[in-house]
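Chemist: Supplied in structure tokens, the structure appears directly below.
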Amino acid sequence: MASPYSPHSSWLPYSLLNDEPVSAAGRDLLGAGRVAEQLAGLLVASRGSTPFTLAVDAGWGMGKSSLMRLVDARLSAAPGVQTVWYNAWTSTGDDALEGLIKSVLTGFDKRVLRRGLHRITRHRSLLGVLRALSLLVAGPLGIAAMTDELWNSMNVDAKTRNDMRDVIRELVRDWADVGPGLQDQRMLVVFIDDLDRCSEETVLAVCEAAKIYLDVPGIAFVIGCDRSAMAPNGLLRDMSPAAAAFMEKIFQTSYRIPVTDSEGIQEYVRWCAETAGISRYLDAGLTGLLIERSARNPRRIKRLVNGFVLEATLNPMWRDFGPGGVIRTLLIQYFYPDFYRMMTAPSAGADGDVVSEFRTYRELRRVLRRPGDELSDEDFTRANGFLADHDLAPLPSRNGPWLAGLLSGIEQQLPSCFPGLAAEPAFTSLIGELMQLPDAGELVRRLRQGVPETGGTQLPPEPLADEDTPYRVRTPYPPPPWTSGRGEPGIPQGGQIPYQQGPAAQQPSARQEPPADVPFAGMDILWLDPHPDNNARWVSVLIGNGAAVRQVLGDNSATRALSISPPTLLISNVRRRDNPNAGFDFVRRLRAGGTYTGPVIFFTGQITGHSRTQASEVGALKITADFEDVRVLVHELGREQAGRSR
């Protein structure tokens, strides 16, 4: 059905793609069926070599689960082969040991389990014997109940646990020897999925179960995991040498899923686009970019297609724009996140439009890299205009020795990603196609302006007020028990917070010892930015995690706030009014006067080589355009502060 707000009813409806593993050959678009057939045949032919473990090795989203499901489907037709599945991600620690062994036990029939219970009762107390016998005579009880009793019987104490392998060996022998008419013994194939998504404790528990208790003839393991993620420098980086040596014994062999060939991945993308209803908007160029930048990863491709469907259907940002703009913007967002952050930052670029800035830079780069030592009148005028926009000295003439180093000097004043992006044909083509669309200028402006999650019109950025304006104090909401109640009581959901007047605005909330389970508890952050509403979303994240945030608009009010109560952290923007280095200059004065020597983070729309140098010179922790960097650093500072207070 058409979107309730969009005039583009002709390009709806769409549908979402699921992320379920392929389990039937009819849906196998990446050629895994042939490999599954061969692996299944190899497993059946190797039943006499059990026990052994085969790792299906691949990165996230590359089809491990799908291949394993297809192998399982083919094994179901093989005589004498039984399969069970265990998802390691569903358990933790000792639960993983119990969960895997119980999964294996469910692969046996009732007759074998009953015989196992009879055998175990010979070594149990009278109470245990009576309990086990009650299960044995209760005919309707299923495999699950007997499996639970077997586990409980084998896990009573250290001695019974030591005997567990022998008990399981006898169970497997009983099970494997039955089956009249079979030339070979039965084999139980245990599929373990998502092992590389677990904690180190769970990984070791699963491997312990497989190697110590279940390493018996008749059982083969097929484990889906990313071996590189489980290497000593990855998930298992804290392992002891003994544990690392133990892990080396787990996998007898591995099959690394190869990257899909060009024809296969193009067919897969076409299927995804047709299923989601967007095939008419994904031309050859965009398809090639999607394949290249996703590293041919099927899951990433599905996520991007689903992202397009959700954006086009639900986000009011796109009510006035067609699908061409949506899909190209999403490709930039997914594959060029640094550039996308600058596109959507209200203050990014010399005039706020980083797309125009990049395209101008690319043209100037082409001119300055062209053979010759003299600029044309047109290029000379363009270069001087660009230099003026970035507060650089104009060129003295159209030629001279300075021309050779001009480009590198300009690039120091531009976002660090510009040179690499300008040399990438896929990106420059994507930006060019975006800007050729109807209403491209308005689309870029709206991206920069943003649309609130609740809909409606975005409030204009708050202008630079008088520096005597009292700063606003924002404390966690609802008020936690370690606050005194002074300062602002909280943030109404979706509401704006007025500036506070008087003493409450001049003093952060008094605090007792904060609880340890609140990530940013006890953090007092002073945030300097003349346009505080641009940071409202991030401030809410900090407050929601227990931090108190004081927001100031300029240098004078920041200095007064620092003199009243030094914060745990100062966050500052960089450009203010016509000074592109205002943030660096202010921190430099603070350091020189000893007013504030604590940690500083610069949060800005653009990162340039020049700005990195300046941030380093004033001793900043980081200069970033990504709030995730801020969040991680605030968390680290909070942990350090909590450690000092103990």
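Chemist: Taking the Cβ of residue 583 as the centre, find all other residues whose Cβ is under 14 Å away and add up their charges (Lys, Arg: +1; Asp, Glu: -1).
Modeler: With Lys, Arg at +1 and Asp, Glu at -1, the neighbours total +3.
Chemist: Right, here's the next one. Pull out a ≥ b ≥ c, the square roots of the eigenvalues of the alpha-carbon gyration tensor of the stretch 253-311, then state rounded if a/c is under 1.5, prolate if not and a/b is larger than b/c, and oblate in the remaining case.
Modeler: prolate
Chemist: Highest first, please rank the peptides 60-72, 326-338, 432-444, 263-275 by the mean number of other Cβ atoms sitting within 10 Å of their residues.
Modeler: Top to bottom by mean Cβ count within 10 Å: 60-72, 326-338, 263-275, 432-444.
Chemist: List, in order, the whole-Hz ³J(HN,Hα) value for each residue of the stretch 605-613 obtained from phi through the Karplus relation with A = 6.51, B = -1.76, C = 1.60 and θ = phi - 60°; use x for Gly and Pro.
Modeler: Once θ is set to phi - 60°, the couplings for the stretch 605-613 become x, 10, 10, 10, x, 5, 5, 4, 4 Hz.
Chemist: Once each part is reduced to its C-alpha centroid, what is the distance from the stretch 550-583 to the stretch 286-332 in angstrom?
Modeler: 39
Chemist: What is the gain in length, in nm to one decimal, between residue 369 and residue 315 on full extension, counting 0.36 nm per residue of separation less the C-alpha to C-alpha distance?
Modeler: 15.3 nm
Chemist: For the pairs 102/211; 102/302; 64/211; 110/249, flag any whose C-alpha to C-alpha distance is greater than 24 Å.
Modeler: In this structure, 102/302; 110/249 exceed 24 Å between Cα atoms.
Chemist: Based on the Cβ-Cβ distance of residue 556 and residue 114, what FRET efficiency does E = 1/(1 + (r/R0)^6) give at R0 = 56 Å, to the nearest 0.05?
Modeler: So the FRET efficiency works out to roughly 0.10.
Chemist: Now a separate question. What are the residues whose amide H is under 5 Å from the amide H of residue 83, where those residues sit 5 or more places off or on another chain and H is modelled from the backbone?
Modeler: 189
Chemist: Using only the Cα atoms of the stretch 281-417, build the gyration tensor, take square roots of its eigenvalues as a ≥ b ≥ c, and label the shape rounded, prolate or oblate: rounded if a/c is under 1.5, else prolate if a/b is larger than b/c, else oblate.
Modeler: Because a/c hits 1.5 or more and a/b exceeds b/c, the stretch 281-417 counts as prolate.
Chemist: Hey, can you grab everything whose amide H is under 5 Å from the amide H of residue 56? Only 5+ residues off in sequence or another chain; H modelled, so Pro and N-termini drop out.
Modeler: Result for residue 56 returns 223, 224, 225, 255.
Chemist: Another one. Using r as the Cβ-Cβ distance of residue 165 and residue 38, and R0 as 30 Å, what FRET efficiency do you calculate, to the nearest 0.05?
Modeler: Between residue 165 and residue 38 the formula returns 0.40.
Chemist: Answer rounded, prolate or oblate for the stretch 537-620, using the Cα gyration tensor with square roots of eigenvalues a ≥ b ≥ c: rounded when a/c is under 1.5, else prolate when a/b is larger than b/c, else oblate.
Modeler: Taking the square roots of the gyration eigenvalues as a ≥ b ≥ c, the stretch 537-620 is oblate.
Chemist: Can you give the FRET efficiency to the nearest 0.05 for residue 145 and residue 389, using r as the Cβ-Cβ distance and R₀ = 51 Å?
Modeler: That pair, residue 145 with residue 389, gives E of 0.10.
Chemist: Let me ask you something else. Quick one: length gained pulling residue 541 to residue 173 fully straight, 0.36 nm per residue minus the C-alpha distance?
Modeler: Between residue 541 and residue 173, full extension yields an extra 126.7 nm.
Chemist: Same structure again: Could you give the length gained on full extension between residue 595 and residue 629, defined as 0.36 nm per residue of separation minus the Cα-Cα distance, in nm?
Modeler: 9.7 nm
Chemist: Now for a separate question. With θ taken as phi - 60° and the coefficients 6.51, -1.76 and 1.60, list the Karplus ³J(HN,Hα) couplings across the stretch 579-589 in order, rounded to whole Hz; mark glycine and proline as x.
Modeler: Here the 3J(HN,Hα) series is 9, x, 10, 4, x, 5, 4, 5, 5, 4, 5 Hz.
Quick note: the coordinates plus some simple rules give every number you see, no bench work behind them. A quick note: this is a predicted structure, and the numbers were derived from the prediction, not measured. Cβ atoms come from the backbone with ideal geometry, glycine included; neighbour counts cover every protein chain shown.
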